[in-house]
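The values are calculated or read from the model by the stated rules, or taken from the named source; none is laboratory data. Given the structure is predicted, the values throughout are model-derived calculations rather than measurements. Here the Cβ positions follow ideal geometry from the backbone for every residue, glycine too, while neighbour counts run over all protein chains shown. Accessible surface is based on the protein model in full, side chains and every heavy atom, while ligands, DNA and RNA are left aside. Shrake-Rupley method; radii C 1.70, N 1.55, O 1.52, S 1.80 Å.
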Number of protein chains: 2
Amino acid sequence: MLPEPYDLLPTTARQSQTIATGDVLFRQGARTLGLYVLKTGRVHLERVGPNGERLIIHRATSGTSFAEASVFSERYHCDAIVMDAGALIRIDKSAVLAGFANPDFARTYGRQAAQQVQAHRQIMEIVGIRRAEDRVMAGIVAGLLEGTVVDFAARLQLTHEATYRALRALVEAGRVNNPSRGTYRLA
Amino acid sequence: MLPEPYDLLPTTARQSQTIATGDVLFRQGARTLGLYVLKTGRVHLERVGPNGERLIIHRATSGTSFAEASVFSERYHCDAIVMDAGALIRIDKSAVLAGFANPDFARTYGRQAAQQVQAHRQIMEIVGIRRAEDRVMAGIVAGLLEGTVVDFAARLQLTHEATYRALRALVEAGRVNNPSRGTYRLA
DNA sequence: TCTGGAATATGATTTCAATCATATGCTGCC
DNA sequence: GGCAGCATATGATTGAAATCATATTCCAGA
């Protein structure tokens, strides 16, 4: 199903569509239609700087929403380009704006957003840790190691090699257990 | 005055207080009172991991709010410790929750939160750029260089030395102008 | 006006993560 | 069953940012 809080909006507010690599969902300056929930595939949000520099704003991954702020804007402020084919749901801007009149939707939206902000702040703190070993340890303590080590490394802004080495060092220091190939947990 | 959207809440929902270094605003597990807007000073949010590891969750700076998610929780999930003396305003949890019944407050909250999420995503993308010179350039294009270079460096998760060197390299490459000591802008 | 602290700025050295390379195990699929 | 692709894992080398050091400028405040 749709992630909170958008599951509370009328089903008429959603449009499913499949996307192919290279598709452009919207362009900087185009009138805003709403936000998107990516089911599968990959989408990049890119902005062109004042002197023509391309700048990636965000890389959306499966299960996440993007362009939420477009709901409060007349025009998109970046391009959305499909990197890997997949599927997504577009959620009407007007439905979201109307949804804020429903305290249930509004509170759920607020809770989700506040938790997301907190998670971002924590990741930024962790990414600011210089030593790979300390960073990986903090990432584990924060519960960021749930999927593959490769994904974990990307979230920590480390190469997977550096992450594997740090994991091994932590295991050798007795701070982390490695019960089986590819699984690590706090000692 | 108070930053959006909290300026829309009744003044009775606010309590001003001064804070001294070492003060503890709340502890992990304590009943939640609400969120805070820091006027001056510095506050750290810290969490204790399952095995007793101290982990900084967030470092709040002047003019920003923190513990927003506590509004949706029974207990605080981290400690708030004053690092530098200053002043702050506490905003009642119940007033915020009640505020969501007001569509104007709810939409303003939603807009603020969505924009903050976007800003965080962009900073995370920029921080993921490995080369200091590219990172600094992206930071400038994104408009992150507004205060001091020292603050800019901290936002980029670079040392200020590395940032100064990157700025000099960008100036020498003609990509950035340095009209006067301490001021840099796109060429 | 003097002084202390912070920002600006840059040089020298070190360290440690990125990069490059290689190997193995696992999984899905043709 | 075999092959392709990916995650896991680790070694060797390189490169670039951190660290350490130092100097100047600027500003606030005593």
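Here is a check on your reading of the model: is A:ARG75 touching a residue at least 40 places away in the same chain (Cβ under 8 Å) and either assigned by TED's automatic domain parsing to the domain that holds A:GLY34 or touching a Pro at 6+ places or on another chain (Cβ under 8 Å) (or both)?
It is true that A:ARG75 is touching a residue at least 40 places away in the same chain (Cβ under 8 Å) and either assigned by TED's automatic domain parsing to the domain that holds A:GLY34 or touching a Pro at 6+ places or on another chain (Cβ under 8 Å) (or both).
Does region A:41-67 hold any residues that are over 12 Å from the mean Cα position of the chain (by Cα) and at the interface with chain B (Cβ under 8 Å from one of its Cβ atoms), and which are they?
A:GLY49, A:PRO50, A:ASN51, A:GLU53, A:LEU55, A:ILE56
Using beta carbons and a limit of 6 Å, which pairs, at least six apart or on different chains, have the first residue in region B:94-114 and touching a residue at least 24 places away in the same chain (Cβ under 8 Å) and not assigned by TED's automatic domain parsing to the domain that holds B:SER65 and the second one not small (Gly, Ala, Ser) and not in a helix (DSSP H, G or I)?
Final answer for the pair search is none.
So how many residues does region B:136-157 have that are part of a loop (DSSP other than H, G, I, E, B), touching a Phe, Trp or Tyr at 6+ places or on another chain (Cβ under 9 Å) and within 12 Å of DNA strand C (Cβ to nearest atom)?
2
For region B:31-135, give me every one of the strands (runs of 3 or more DSSP E) that falls completely inside it and has 3 or more residues that are buried (at least 18 other Cβ atoms within 10 Å of the Cβ) and at positive phi.
Those strands (runs of 3 or more DSSP E) do not exist here; none qualify.
Which one of these is buried (at least 20 other Cβ atoms within 10 Å of the Cβ), more than 10 Å from DNA strand D (Cβ to nearest atom) and farther than 18 Å from B:THR61 by Cβ: B:LEU167, B:LEU145, B:LEU186?
The conditions single out B:LEU167.
Can you go through A:ALA154, A:ALA138 and tell me which one is open to solvent by 50 Å² or more (accessible area, probe 1.4 Å), at pLDDT 95 or above and at the interface with chain B (Cβ under 9 Å from one of its Cβ atoms)?
A:ALA154
Pairs under 7 Å by beta carbon, first residue within 14 Å of chain B (Cβ to nearest Cβ) and touching a residue at least 40 places away in the same chain (Cβ under 8 Å) in region A:168-187, partner open to solvent by 50 Å² or more (accessible area, probe 1.4 Å) and in a loop (DSSP other than H, G, I, E, B), six or more apart or different chains?
A:LEU186/B:PRO50; A:LEU186/B:ASN51
How many of the residues making up region A:18-30 are at positive phi and in a strand (DSSP E or B)?
Going through region A:18-30 one residue at a time, the tally reaches 0.
Go through (1) within 30 Å of A:ASP104 (Cβ to Cβ); (2) open to solvent by 60 Å² or more (accessible area, probe 1.4 Å); (3) among the small types (Gly, Ala, Ser) and name the single condition B:SER16 misses.
Against the list (1) within 30 Å of A:ASP104 (Cβ to Cβ); (2) open to solvent by 60 Å² or more (accessible area, probe 1.4 Å); (3) among the small types (Gly, Ala, Ser), B:SER16 comes up short only on (1).
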